[in-house]
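Since the structure comes first, as structure tokens, the remarks are kept for the end.
The values are calculated or read from the model by the stated rules, or taken from the named source; none is laboratory data. The structure displayed is predicted, hence computed values, not measured ones. Reconstructed Cβ throughout: ideal geometry from the backbone, glycine too, with neighbour counts over all protein chains shown. Note: areas computed on protein heavy atoms with side chains; ligands, DNA, RNA excluded. Shrake-Rupley method; radii C 1.70, N 1.55, O 1.52, S 1.80 Å.
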Amino acid sequence: MAVRAALRDAVRLRLESDVPLGVFLSGGVDSSAVVASMREVTSGRIATFSVGFGRAAPSYDELPYARLVAQRFATDHHEEILEPDVRAIPAGHRARVRRAVRRLLGDSTYVVAQATARHVKVALSGIGGDETFGGYPRYLGLRVSALHGKLPRWLRHAARALAVRSARTRRRAGTGPTGPGASRPSPDAAPADRYIGWTRFFGDTALASLVTPALAAHLGAGVDELQQRAFATGGHGDPVDGAFRVDLAAYLPDDLLTMADRMSMASSLEVRAPFCDHRIIEESLRLSPRSKMPGGRLKGLLKTAFAGVLPNEVLAHRKQGFMIPLGEWLRRDLRPTLDDLLAPDCVRARGLFEAGAVEVLKREHLSGARTHADRLWTLMMLELWMREYLDDRGRWSLR
């Protein structure tokens with residue numbers, strides 16, 4: 001596939017509009033490639049929009065890379081600094097709760113959408129580049145775990161013991177585990193089970209200890225059925241292809257595109273995603289994972305296609321995307337919100353989760369023993385959503 005030509009055509013189709021357009025520019029390869037492709041098909045004004053975190057979280061800030069791209073392609077560049085300015089939500093403040101739901105559920109997506117909508121009514125996004133061209137580190141993890149399964153049993157046990165010791169060291173340092181990896185399937189599990197387990201914030205065991213019996217009675221089996229079917233359609237003799245299909249079937253439409261659509265529509269903005277063009281996705285699935293990640297290089301094919309076009313710094317720096325420094329914010333700026341939304345009395349009154357289990361997550365995260373940012377965030381957003389949309393009919397509870 002001629003990657004640049006395909007993306008250029010997808011971008012050209014999405015430039016048809018009667019209103020001004022812009023581009024979400026994270027500073028990563030995907031959105032930068034969209035800007036480069038847009039410049040190939042138009043000599044007119046290109047407006048780019050980026051989110052940064054300033055001095056509060058410099059390691060998450062990709063503004064320097066976004067500026068390089070904006071300068072390279074002479075865009076009309078705009079930046080927004082995202083601050084964790086939501087505190088404990090007083091009862092009865094419906095307007096503030098509504099804004100908090102949008103802002104927190106959408107994190108940086110909502111902020112960049114609001115900033116963009118002040119200037120244009122349509123924006124292009126790099127969403128879909130990771131799923132079509134192999135951008136997630138977990139894809140490489142699946143390949144490593146497949147090699148692990150071929151080792152002699154005694155060597156697998158030795159490697160597992162070393163991994164446990166390393167995990168304990170990281171926990172003492174406050175650096176692990178993080179993100180979806182908090183769900184830890186057995187390394188001896190089938191590739192599909194391993195991969196799907198990595199994408200869940202709560203594995204079956206963790207969920208069983210978290211929910212109350214009242215909620216457990218309403219939970220059904222087979223929550224991973226869609227992902228299992230998608231993984232089974234993988235080909236090329238490579239389980240990583242199954243992982244691509246899981247993300248294209250579930251994570252991309254149910255999470256990334258859903259959030260982008262809702263956060264942009266809440267800002268009266270339309271978002272278009274060239275990487276989600278059906279021809280790019282179909283052709284991408286015909287390629288083997290090794291051709292998309294040559295030598296184990298994430299998005300190697302896409303980076304090669306744009307070598308000499310994008311700044312070298314953008315092609316070389318590690319993937320971040322529109323991420324927020326959630327773990328640190330929960331320990332500092334968002335601590336009052338955490339304490340408000342997941343107070344033991346509040347958790348018990350809802351009747352959904354065991355207050356003791358929630359307190360363990362909070363205690364371990366706040367002490368730095370483990371990182372439960374995504375797990376806590378999920379529970380916080382559920383409580384915030386219920387306060388906004390259910391409690392106006394009387395406090396909602398399973399008790």
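Points to keep in mind about this one:
- Residue count for the stretch 191-201, restricted to those that are aromatic (F, W, Y) and open to solvent by 30 Å² or more (accessible area, probe 1.4 Å): 2
- Residue match in the stretch 190-212 (condition: at pLDDT 70 or above and farther than 26 Å from Y251 by Cα): yes
- From A74, A5, residue being modelled with pLDDT of 90 or more, of a type outside the set (D, E, K, R), part of a loop (DSSP other than H, G, I, E, B) and surrounded by fewer than 16 Cβ atoms within 10 Å (Cβ to Cβ): A74
- Among the residues making up the stretch 367-399, those that are assigned to a helix (DSSP H, G or I) and among the aromatic types (F, W, Y) are W377, W385, Y389.
- Residue ID - most open to solvent (accessible area, probe 1.4 Å), chosen from residues in the stretch 205-223 that are out of contact with any Asp or Glu (no Cβ under 9 Å at 6 or more places or on another chain) and of a type outside the set (A, V, I, L, M, F, W, C): H218
- Looking only at the stretch 333-362, and only at residues there that are in a loop (DSSP other than H, G, I, E, B) and in contact with a Ser or Thr (Cβ under 9 Å, 6 or more places away or on another chain), the one that is nearest to M380 (Cα to Cα): L352
- Residue match in the stretch 384-397 (condition: open to solvent by 60 Å² or more (accessible area, probe 1.4 Å), free of Cβ contacts under 8 Å to residues at least 40 places away in the same chain, more than 18 Å from P336 (Cβ to Cβ) and not charged (D, E, K, R)): yes
- Filter result (open to solvent by 10 Å² or more (accessible area, probe 1.4 Å) and part of a loop (DSSP other than H, G, I, E, B)) within the stretch 127-143: I127, Y136
- Some residue of the stretch 267-282 being touching a strand residue (DSSP E or B) at 6+ places or on another chain (Cβ under 7 Å), under 30 Å from K121 (Cα atoms) and among the charged types (D, E, K, R): yes
- The C-beta contact set for the stretch 215-230 (first residue touching a residue at least 24 places away in the same chain (Cβ under 8 Å), second residue open to solvent by less than 60 Å² (accessible area, probe 1.4 Å) and β-branched (V, I, T), distance under 9 angstrom, 6+ apart or interchain) comprises D224/I196; L226/V246; Q227/I196; Q227/T199; Q227/V246; Q228/I196; Q228/V246.
- Looking only at residues in the stretch 327-346 that are open to solvent by 10 Å² or more (accessible area, probe 1.4 Å) and under 20 Å from L210 (Cα atoms), the one that is farthest from the chain's Cα centre (by Cα) is D345.
- For the stretch 355-383, a tally of residues being open to solvent by 40 Å² or more (accessible area, probe 1.4 Å) and either touching a Gly at 6+ places or on another chain (Cβ under 6 Å) or farther than 21 Å from L207 by Cα (or both) returns 2.
- Within the stretch 41-64, considering residues that are aromatic (F, W, Y) and open to solvent by less than 60 Å² (accessible area, probe 1.4 Å), the one modelled with the lowest pLDDT: F53
- Contacts under 8 angstrom Cβ, first residue in the stretch 268-294 being free of Cβ contacts under 8 Å to residues at least 12 places away in the same chain, partner in a helix (DSSP H, G or I) and open to solvent by 20 Å² or more (accessible area, probe 1.4 Å), 6 or more apart: S291/L301; P294/L301; P294/T304
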